[in-house]
Amino acid sequence: MGHEPFEQAAALEAVGALEAGERQALAAHLRGCAQCRAALAQYRQAAAALPLGLPPATPPPTLKSQLLAAFRGHFGVSAKGQLEAQAMRAKTRASFKPERRWTAALLPQWLGPSFAVASLALLIVTGLYALSLRSQLATESAERQRIAALLQEGTAHHDTLQQQLTNQEQLLKNLRAELTNAQGDLRSLQEGLLQREAELAKLRPRLAQGEREAGTLRAALAQRDEILTILRSTHVKVVSLAGLQQAKSAGAFLLYDRGTKKAFFYAFNMPPLPAGKTYQLWAIVDKPVSAGTFHTDPGQTSRLLIRNIPPLESITKFAVSVEPQGGRPQPTGEIYLVGQL
C-alpha cells in the first residue's frame, strides 16, 4: 500500500475524525514512516490555524438568557431561589438566642455577680500572662536561634580562617623549600661561574696565541694573494739563479712583475744555515741593494715576496749571501747564489 491512503488518514487524524481502528492502523504505519509523520505534523499545524482564519462574529443578545436557562435545567432550581434560601438560613442563625435561665440553675445561690466579674478578670489576667509568656518564649526562641546562627556563622568563619592559616603555613613551607633549593642552585651557579672564570683564564693565553697565529695566517694569505697576482701577470720577467761552490746543488728563480714592481723569489736545496745567520738577497745596480732576508724551511726551500725593488732595467744581476741575523747594508759573507740578467 502506498503513502496516499495514510496521508489522507493523517489529515483526518489532525482534525480528530478517525475511528479507533483507523487510528491504530495509522499509528502502526507512522512508527516506520518518517514521511507520514512529517505530513501529520504539517496537518496539525494547519488545523490549529483554521480558527484564526474565521471572520469575527458578535454574540446574539439572547445568549445570556439561554445560558441561565441551561443552568436551571441542569441543576433543577433557579439561582435566585438559591440566593433567597441562603439569606433565610443566615437570618435564622442570627435571630437564635439561647435561654439564660439554665445558667442561673447551674450556679449556686451564694455566687453573685462579683464572683463572675472576678472570675472573668482572673481569666483575662491568666490569658494575658499566657500571651506574655508565649511572647517571651517566642522572643527567647528567636534569640536562641539568632545566637545559634551567629555561633554557626562564627564556627564556619573560624573553620575558614583555620583552613586559610593551614594553607598559608603550607605555602610558607613550600616557599622555604623553594628558597633552600634556590640557595643551593645559587651556590652551584657561583661555583660553576668560578670554574668558568678559571677555565677562561687558562684559555686567554691560548686565545692570544690563536690571535697571533691568525695574524700570521692573514699575512701569509695576503702574501699568497700577492704571489698569485704576480704569477697570473702577463708582464712577468723570470730570472734564474745558480748555486756556487758552497751550494752547488742549490738553485732559485725570481719572478719580476713589471706592472706592480713586485717580485717573488723561490730557492731550493739551500744548505742549512749556521746559528745566528740568515740568507740575504741582493739586487746589483751600481752597488748591491738589499731585497730582503729569508730562512729555509725543513724542506730546504725558501720563499720571499719583494715589494720594493729597483727597476729591472737598472739591475745587472741578483745574488744571495750568508749574513748575520737581521741582515747587513752591504754584503759581508760568502755568496751562495748568482743570477745574471
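Pairs of lysine in region 235-340 with Cα under 16 Å and at least 8 positions apart or on different chains: total?
On the way: Lys237/Lys261; Lys237/Lys262; Lys237/Lys317; Lys287/Lys317.
Taking region 235-340 as the scope, the lysine pair count is 4.
Need one word for region 4-50: rounded, prolate or oblate. Basis is the Cα gyration tensor (sqrt eigenvalues a ≥ b ≥ c); a/c below 1.5 gives rounded, then a/b vs b/c decides. Display every interim value, and only then the final one.
Working: a/c = 2.19, a/b = 1.25, b/c = 1.76.
Here region 4-50 falls in the oblate category.
Placing a label point 7 Å from the Cα of Leu189 along the Cα-to-Cβ direction, the residues of region 153-182 whose backbone N falls under 14 Å from that point are 179-182. Annotation: peptides 231-240, 254-263, ranked by per-residue average of other Cβ atoms within 10 Å with the highest first, follow the order 254-263, 231-240. With both labels modelled 7 Å from their Cα along Cα-to-Cβ, the Gln152 to Gln300 distance reads 11.6 nm.
Only the coordinates and a few stated rules stand behind these numbers; no lab work does. Nothing here was measured: the structure is a model prediction, and the numbers come from that model. Here Cβ is always computed from backbone atoms with ideal geometry, including for glycine, and neighbour counts include all displayed protein chains.
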